[in-house]
Amino acid sequence: MGRLLPTETDASVERSEEPSVLCIDDEETSEVFAALGSETAQAVFRLLNEEPATPATVAERLEMSVQNVHYHLGNLSEAGLIEVVDTCYSEKGREMDVFVVAEDPTLVFLGTSDDRTAMKRAFESFASFAGLSPLLATLGEVSSWVFGDE
């Protein structure tokens, strides 16, 4: 007899092209730094950046306890870095959330929100250094979205 409840997910890692921009003086930035403050939290985040996973899968792949994984998932979720994208069921029929990195990537700028001109210069320097001419072509659009009209 086939299973009535799915034991695997068909969710995938999807990222939007509109990053959230956090400055060092934003309260959210402190939450992000706190959530990623340990090597374990960073390992959990990296794994979820590669593929969606349940807490049990994360624990198995990273060789840690499910309780420890739940702790880090809670912190990462509260900081807005990961989210639940699906639900599947264990062999015993227990409901399990499937986590993945948040759809909107996050850019942390180590300047204050008042220093938007320096941030714009940094974007332009990075784009020219990396050879991202398409990014330079759309920088005007991106900068008005990120930096506001000047």
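The values are calculated or read from the model by the stated rules, or taken from the named source; none is laboratory data. Quick caveat, the model's predicted, so the values are computed rather than measured. Here Cβ is always computed from backbone atoms with ideal geometry, including for glycine, and neighbour counts include all displayed protein chains. Calculation scope for accessible area: heavy atoms of the full protein, side chains included, ligands and nucleic acids excluded. Shrake-Rupley method; radii C 1.70, N 1.55, O 1.52, S 1.80 Å.
A few comments on the model shown:
- Protein-only accessible surface order, largest first, of F109, F33 at 1.4 Å: F33, F109
- Counting only heavy atoms of the protein chains and using a 1.4 Å probe, S125 has close to 70 Å² of accessible surface.
- Rolled with a 1.4 Å probe across the full set of protein chains, the surface gives E28 an accessible area near 110 Å².
- Residue-level accessible surface for Y71, protein heavy atoms, 1.4 Å, Å²: 140
- Label-to-label distance for S125 and E60 is 4.6 nm, based on points extended 7 Å past Cα in the beta-carbon direction.
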